[in-house]
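Here is the structure we will look at, set down as structure tokens.
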Amino acid sequence: MEAFRWFFSYLVRYKKNIIIGLCIVPIASLLAVASPKISGSIIDLVVTKGQMEILPKLIVFLLSCTLVRSILRFIMIINMETASQGTLYSLRDAVYKRLLLQDFNFYNKNRTGDLMSRQTGDMDAIRHFVSHVIYVSAESILVFLLALVMLFTESVKLSLFMVGVLPFTATATYFQMKRIRPAFWKNRQMFSSLNAFAQENISGNRVVKAFAKEDYEMEKFNRENDNFRSSQLEASAVWAKYIPIFELISYILNVILMIGGGIMVLNGSMTMGSMVTVNGYLWMLTTPLRTAGWLVNDIQKFLTSLEKIYSTICHEPDIKEPLSPVQKTRMEGAVSFQHVSYMAEDEEILQDVSFSVQPGQTVGIVGATGSGKSTLMNLLCRFYDTTSGTVSVDGVDVKELDLYQLRQNIGMAMQDVFLFSDTIEGNIAYGRPDCSFEEVKWAAEVANADEFIQEMPDGYDTVVGERGMGLSGGQKQRISLARALITDPAIIILDDTTSAVDMETESRIQEALANLPKKKTVFIIAHRISSIKDADQILVLDRGRLVEQGTHEELMEQNGYYASVFEHQYGEYQKLKQSREFREYLQKRGEVCHAAK
């Protein structure tokens, strides 16, 4: 019921078109009722009694009724289609906006292909309901009732025989509705699963090819496809079982007319014209019976799709805008974590983490995979909320800050670089679409990306493929960094952003960041010690705990995790540099180079 109320709130916006369409239904139905009456009059007055002079009038009247009814139906369909497309537009817009407001947890639990099916197949079922099912259902019910009334005006006895069949129709309709609903629910589930599988494999086609897993993925797709086909056949089996019942009932009514009506014509209790009229009304009576099964199917498809869409968008995001947010258009960049813990799915990711960062400082974060480094920054950006403790920016709890302003003041180059199918300039300017080309170029220069961009055929107008295909890992990382810088944020987060670039490029980027016109607070998440050893302070995480904190020199003196990582990455080289053999090797290399010159 909640889902239908939600849908109705959008449908009512186009009530004018719906009302016009539904007001035409009774007029068109009455005109349809007139046709059998005129046909019967032609038989009785013209064929039987020979009154040829009224034939032209009856034919003109019959054609006029048909023409007017066709025009009215055209107007009705146009209005219903307008209402359906308008409702669909509003629904898609509302659902898309709702999806954009959802937080990370929502997308962690829902597959992209499944969400896409809500905007395609499920939305189309709603459009079909508004544009077709509503007026056809209303027209079928009205025509059925009018035909039933007109049958009684022609022959009460024959009508009573026909009415006796109708309870069987009602019973069949009830059982069909009861059985078809779960079948269609399963069908929509299987469609979503198939859609999600196809989307994931098309997006990850390079991985599939890299591991030569085409046959394996084809087998998996065939299983998904088989499941969808089976669910389709199960749903089809339900209505296929009941459609013949409706057809049989229609034929029984025809048999009653042929036998009963024929006997009544022969004994003179009914004219041949009346029988022709009754036959026309019988067609109007049986047509709704034949379409009843199809309409039940369409209605159940609509209800199932509506519930699927509503169940997706009614999820309330965990991250919400505060009721009275603190407004800070421009932030200084002071960051404080006080006894912060975070749990997800009953697993403790961070435990009692505390540290403070002054504006303009550079902070390095290092730790083993899964130690909570990225989660730390996600809490700062408020992609998630802390389980306990406080994350503050400029002395204000991030839960109290305006969410838009908070994220506008943080430039984040994520670990998983995502580039849109757009030009390089468009990707860099994503955070500030109104910025000038000079600002885009400046951001690219700071990120050490300008040189390789200039070498591309179309420079900054080069269109990158989906997710940045066609660029190397290092190139994508540098464009991502430029995109983070373009908003001129107070805080910059580099989540393993320079892992795919060489040492020289990394050094240039760090130097450019250090010499920015406005000093930024920079967080660098890295596995490579060279990326963070010059930071103002370094945080070492281990299994969600902050185990070490200090400068490079201080941490080396502690001789803990950081020192062991440094020794692992640089120890052998340091020992080699101090060896006599290495010094002799460098001396000989210098002599050879001198001789070559």
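The values are calculated or read from the model by the stated rules, or taken from the named source; none is laboratory data. Predicted, not measured: the structure shown is a model, and the values here were computed from it. When we count neighbours, we look across all protein chains shown, and the Cβ atoms used for this are built from the backbone with ideal geometry, even at glycine. Accessible surface is based on the protein model in full, side chains and every heavy atom, while ligands, DNA and RNA are left aside. Shrake-Rupley method; radii C 1.70, N 1.55, O 1.52, S 1.80 Å.
Within segment 3-22, residues that are in contact (Cβ under 8 Å) with a residue 40 or more places away in the chain sit with their Cβ atoms under 6 Å from residues that are open to solvent by 50 Å² or more (accessible area, probe 1.4 Å), at 6+ positions apart or across chains, in these pairs: ALA3/GLU307; ALA3/TYR310; TRP6/TYR310; ASN17/THR82. Taking the conditions exactly as written (farther than 15 Å from PHE129 by Cα, loosely packed, with under 13 Cβ neighbours inside 10 Å and hydroxyl-bearing (Ser, Thr, Tyr)), does SER9 satisfy them or not? When the stated conditions are applied, SER9 passes them. The residues on offer are ALA413, ALA482, and the sole one that is buried (at least 20 other Cβ atoms within 10 Å of the Cβ), at pLDDT below 85 and within 23 Å of ALA334 (Cα to Cα) is ALA413.
Regarding segment 13-21, can at least one residue be identified that is under 21 Å from the mean Cα position of the chain (by Cα) and either surrounded by 15 or more Cβ atoms within 10 Å (Cβ to Cβ) or within 18 Å of ILE126 (Cα to Cα) (or both)? No, every residue in segment 13-21 fails to be under 21 Å from the mean Cα position of the chain (by Cα) and either surrounded by 15 or more Cβ atoms within 10 Å (Cβ to Cβ) or within 18 Å of ILE126 (Cα to Cα) (or both). ILE299 satisfies every condition listed in (1) among the hydrophobic types (A, V, I, L, M, F, W, C); (2) under 27 Å from PHE106 (Cα atoms); (3) touching a residue at least 24 places away in the same chain (Cβ under 8 Å); (4) open to solvent by 50 Å² or more (accessible area, probe 1.4 Å) except (2). Keeping to segment 324-341, report how many residues are touching a Ser or Thr at 6+ places or on another chain (Cβ under 7 Å) and open to solvent by less than 20 Å² (accessible area, probe 1.4 Å). Residues that pass the stated criteria total 5.
Residues are listed down the side, and each one gets a yes or a no for (1) in a helix (DSSP H, G or I); (2) surrounded by fewer than 16 Cβ atoms within 10 Å (Cβ to Cβ); (3) small (Gly, Ala, Ser); (4) without any contact (Cβ under 8 Å) to a residue 60 or more places away in the chain:
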| position | (1), (2), (3), (4) |
| --- | --- |
| LEU248 | yes, yes, no, yes |
| MET258 | yes, yes, no, yes |
| VAL276 | yes, no, no, no |
| SER305 | yes, no, yes, no |
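Which residues, taken from segment 307-347, are over 27 Å from the mean Cα position of the chain (by Cα), on the phi > 0 side of the Ramachandran plot and in a loop (DSSP other than H, G, I, E, B)? Those that are over 27 Å from the mean Cα position of the chain (by Cα), on the phi > 0 side of the Ramachandran plot and in a loop (DSSP other than H, G, I, E, B): GLY333, ASP346. Figure legend. Inter-residue proximity from segment 102-116: first residues under 18 Å from SER193 (Cβ atoms) and in contact (Cβ under 8 Å) with a residue 24 or more places away in the chain, second residues open to solvent by 80 Å² or more (accessible area, probe 1.4 Å) and not hydroxyl-bearing (Ser, Thr, Tyr), beta-carbon distance below 9 Å, spacing 6+ or different chains. Indicated pairs: ARG111/GLU200; THR112/GLU200; GLY113/GLU200. Checking each residue in segment 310-324 for being closer than 17 Å to PHE383 by Cβ and either among the basic types (Lys, Arg) or in contact (Cβ under 8 Å) with a residue 40 or more places away in the chain (or both) picks out HIS315, PRO317, ASP318, ILE319, LYS320, GLU321, PRO322. Test GLY426 against the criterion of being small (Gly, Ala, Ser) and in contact with a Pro (Cβ under 7 Å, 6 or more places away or on another chain), and give yes or no. Criteria not met by GLY426.
Quick one: would you say ASP226 is in a loop (DSSP other than H, G, I, E, B), at pLDDT 80 or above, out of contact with any Gly (no Cβ under 6 Å at 6 or more places or on another chain) and open to solvent by 20 Å² or more (accessible area, probe 1.4 Å)? Against the criterion (in a loop (DSSP other than H, G, I, E, B), at pLDDT 80 or above, out of contact with any Gly (no Cβ under 6 Å at 6 or more places or on another chain) and open to solvent by 20 Å² or more (accessible area, probe 1.4 Å)), ASP226 does not qualify. Among the residues of this structure, THR362 does not count as one that is within 32 Å of the chain's Cα centre (by Cα) and among the β-branched types (Val, Ile, Thr). Every test in (1) under 16 Å from ILE493 (Cβ atoms); (2) in contact with a helix residue (DSSP H, G or I) (Cβ under 6 Å, 6 or more places away or on another chain) is passed by GLU321 save one, and that test is (1).
The residue pairs whose first member lies in segment 507-536 and is closer than 23 Å to MET556 by Cβ, whose second member is assigned to a helix (DSSP H, G or I) and open to solvent by 80 Å² or more (accessible area, probe 1.4 Å), and whose beta carbons are closer than 8 Å, counting only pairs six or more residues apart or on different chains, are SER530/MET503. Out of everything in segment 97-132 that is of a type in the set (Ser, Thr, Tyr) and more than 19 Å from ARG5 (Cα to Cα), what residue ends up being least open to solvent (accessible area, probe 1.4 Å)? Across segment 97-132, the extreme among qualifying residues is SER117. Criterion applied to GLY293, GLY268 was being open to solvent by less than 50 Å² (accessible area, probe 1.4 Å), modelled with pLDDT under 75 and of a type outside the set (A, V, I, L, M), and the one residue passing it is GLY293. The set of residues in segment 526-549 that are among the hydroxyl-bearing types (Ser, Thr, Tyr) and either on the phi > 0 side of the Ramachandran plot or crowded, with 16+ Cβ neighbours inside 10 Å (or both) contains only SER531.
Restricted to segment 382-404, and to residues there that are among the small types (Gly, Ala, Ser) and open to solvent by 30 Å² or more (accessible area, probe 1.4 Å), the residue that is farthest from the chain's Cα centre (by Cα) is GLY395.
Considering the conditions (1) open to solvent by 40 Å² or more (accessible area, probe 1.4 Å); (2) of a type outside the set (A, V, I, L, M, F, W, C); (3) modelled with pLDDT of 90 or more, SER84 is excluded by exactly one of them, (1).
Of all residues in segment 12-42, exactly one satisfies the criterion of being closer than 24 Å to THR304 by Cβ and touching a Leu at 6+ places or on another chain (Cβ under 9 Å), namely ILE18. Annotation note: Cβ proximity below 6 Å between a residue of segment 407-424 that is farther than 21 Å from LEU101 by Cβ and a residue that is of a type in the set (Val, Ile, Thr) and part of a loop (DSSP other than H, G, I, E, B) (sequence gap 6+ or interchain) occurs for GLY411/THR487; ALA413/THR497; LEU419/VAL464; ILE424/THR462. I'm trying to understand the selection: among the residues of segment 250-273, which are among the small types (Gly, Ala, Ser) and in contact with a Ser or Thr (Cβ under 7 Å, 6 or more places away or on another chain)? The answer is SER250, GLY273. Number of residues in segment 60-91 that are of a type outside the set (S, T, N, Q) and free of Cβ contacts under 8 Å to residues at least 12 places away in the same chain equals 7.
With respect to the stated conditions, GLU567 fails to be in a helix (DSSP H, G or I), farther than 18 Å from ILE532 by Cβ and modelled with pLDDT of 50 or more. Note on segment 382-406: residues that are out of contact with any Asp or Glu (no Cβ under 8 Å at 6 or more places or on another chain), in contact (Cβ under 8 Å) with a residue 40 or more places away in the chain and acidic (Asp, Glu) amount to 1.
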